[in-house]
Amino acid sequence: MFDPIEKLKEFIRHPSISTDSAAKEGMRGAQTFVTDLLGSLGFEVEAVHTELHPIIFAQRKGDPSWPHVVIYGHYDVQPADPLNLWKTPAFEPTIIGNRIYGRGAADNKGPLMTNIAAVAKLLEEQPNVPLRITFLIEGEEEMGSPSFPKFLERYADKLREADFVFLSDTALPNEQQVVITAGLRGLALFDVHVTGAKGDLHSGLHGGVLRNPIQALAEILASLHTPDGRVNVPGFYDDVLDVHPWEREELKKLGGDEKGLQRISRYRCVLHAARFFAVRGRAFPAHARNQRHRRRLPGRGHQDGDPEQGVR
Ligand SMILES: [Zn+2]
């Protein structure tokens with residue numbers, strides 16, 4: 001049996017950023033790593049071609065009467081930038097205390113390695129265990145799984161045989177508490193461009209007369225939520241299920257106060273409710289920055305105080 005920690009470190013060293021076309025080598029490395037590892041455990045491994053990144057489909061076949069479990073995971077990771085915020089190199093796994101730091105360590109390379117290691121241990125101890133196991137590991141999860149629907153259609157017959165699908169692309173609220181995730185948020189991405197004049201114009205002559213596309217965009221974005229944080233799009237909540245009282249009770253146990261619903265957004269183990277707006281890939285940005293300058297009106301100058309005051 002391999003050393004799961006060492007194997008995980010090896011896995012993390014492949015910079016498998018699916019959204020970055022410059023990271024092809026890292027993607028190939030991570031894919032080969034998983035393929036070889038599952039192959040070494042006796043799985044029949046297929047790297048299913050897609051338009052972007054292959055999906056690893058690895059089977060431990062057996063008697064059709066045996067139960068069949070499908071284990072899902074992904075080998076791609078989020079981009080690591082901004083790199084200057086990392087305390088240790090993003091793709092050099094570093095153990096501090098009882099944690100491994102590195103891009104993808106938690107999502108999803110660590111949990112996936114846990115699953116593979118558990119299966120390896122099981123097969124080592126019970127080589128003839130009457131269980132069919134299929135690993136389904138994609139390389140486009142962090143970009144919204146564009147190839148996945150087609151794949152599911154193609155492999156529907158094989159997947160339909162499954163008695164159980166297990167996935168670990170979730171999170172735990174703390175190290176002591178095991179949770180069963182009942183639902184995850186979906187994803188909607190919008191790329192909004194606002195165009196004004198044909199080209200940039202002199203702000204002294206045209207500023208204030210024409211609508212600045214940046215301002216229009218800011219107004220559009222601001223209108224998407226109410227001040228209390230609810231989505232302000234008509235019909236948005238129509239088919240969203242309410243959180244049941246028993247679910248609220250369970251949520252309270254996570255932290256013990258009514259802010260449970262807010263708190264779980266940190267853990268991503270949301271019940272039915274939410275969808276969200278994200279900007280810049282799938283990450284929710286921690287910062288927003290806007291640079292602007294202001295034109296002074298005739299007759300008003302520095303005597304009014306700091307001309308930039310209130311503009312930052
Ligand atoms: Zn994930």
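Inspect all residues belonging to region 81-89 and state whether any of them is surrounded by 14 or more Cβ atoms within 10 Å (Cβ to Cβ), more than 18 Å from E6 (Cβ to Cβ) and within 16 Å of the ligand (Cβ to nearest atom). No, the conditions are met nowhere in region 81-89.
Listed here are the residues, each with its yes/no results for (1) among the acidic types (D, E); (2) within 16 Å of the ligand (Cβ to nearest atom).
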position: E142; (1), (2): yes, yes
position: E153; (1), (2): yes, no
position: R160; (1), (2): no, no
position: F164; (1), (2): no, no
position: S168; (1), (2): no, yes
position: Q177; (1), (2): no, no
position: A188; (1), (2): no, no
position: G199; (1), (2): no, no
position: G208; (1), (2): no, no
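Looking only at residues of region 90-105 that are among the small types (G, A, S) and either within 23 Å of E25 (Cβ to Cβ) or touching a residue at least 12 places away in the same chain (Cβ under 8 Å) (or both), we find that the one that is farthest from the ligand (Cβ to nearest atom) is A90.
Is one or more of the residues making up region 42-61 at pLDDT 95 or above, β-branched (V, I, T) and surrounded by 21 or more Cβ atoms within 10 Å (Cβ to Cβ)? Looking for residues that are at pLDDT 95 or above, β-branched (V, I, T) and surrounded by 21 or more Cβ atoms within 10 Å (Cβ to Cβ), one finds at least one in region 42-61, hence yes. Residue-level analysis places E161 outside the set of residues that are within 27 Å of L189 (Cα to Cα) and assigned by TED's automatic domain parsing to the domain that holds R13.
Assess whether E10 counts as being part of a helix (DSSP H, G or I), closer than 14 Å to L112 by Cα and within 22 Å of the chain's Cα centre (by Cα). Yes; evaluated as a whole, the condition is true for this residue.
Residue-wise test of (1) among the small types (G, A, S); (2) in contact (Cβ under 8 Å) with a residue 40 or more places away in the chain; (3) in contact with a Gly (Cβ under 9 Å, 6 or more places away or on another chain).
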site	(1), (2), (3)
V178	no, no, no
A182	yes, yes, no
G196	yes, no, no
L210	no, no, yes
Q215	no, no, no
P227	no, no, no
V233	no, no, no
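A Cβ distance below 6 Å, combined with a sequence gap of six or more or placement on separate chains, defines the contacts here; from region 106-126, residues that are within 15 Å of the ligand (Cβ to nearest atom) reach residues that are aromatic (F, W, Y) and part of a helix (DSSP H, G or I) in the pairs K109/F11.
The combined condition, being among the aromatic types (F, W, Y) and touching a helix residue (DSSP H, G or I) at 6+ places or on another chain (Cβ under 9 Å), is not fulfilled by F190.
Of note, T195 satisfies the criterion of being of a type in the set (S, T, Y) and more than 16 Å from the ligand (Cβ to nearest atom). Of the helices (runs of 4 or more DSSP H) entirely within region 52-169, those holding at least 1 residues that are among the aromatic types (F, W, Y) occupy 148-154. Picking from residues in region 132-158 that are touching a Phe, Trp or Tyr at 6+ places or on another chain (Cβ under 9 Å) and among the charged types (D, E, K, R), the one that is farthest from G186 (Cα to Cα) is R132. Just give me the residues in region 81-111 being under 20 Å from the mean Cα position of the chain (by Cα), hydrophobic (A, V, I, L, M, F, W, C) and more than 21 Å from D20 (Cβ to Cβ), in sequence order. Correct list: I100 only.
Selection over region 92-109 of residues that are surrounded by fewer than 21 Cβ atoms within 10 Å (Cβ to Cβ) and under 19 Å from D36 (Cβ atoms) gives a count of 0.
Out of curiosity, is D36 among the acidic types (D, E) and closer than 30 Å to K158 by Cα? For D36, the condition - among the acidic types (D, E) and closer than 30 Å to K158 by Cα - is met. Residues that are within 23 Å of I12 (Cα to Cα) and within 27 Å of the chain's Cα centre (by Cα) within region 121-147 comprise T134, F135, L136, I137, E138, G139, E140, E141, E142, M143, G144, S145, listed in sequence order.
The values are calculated or read from the model by the stated rules, or taken from the named source; none is laboratory data. The shown structure was predicted, so the numbers you read here are calculated from the model rather than taken from an experiment. Cβ: placed from backbone, ideal geometry, glycine included. Neighbour counts: every protein chain shown.
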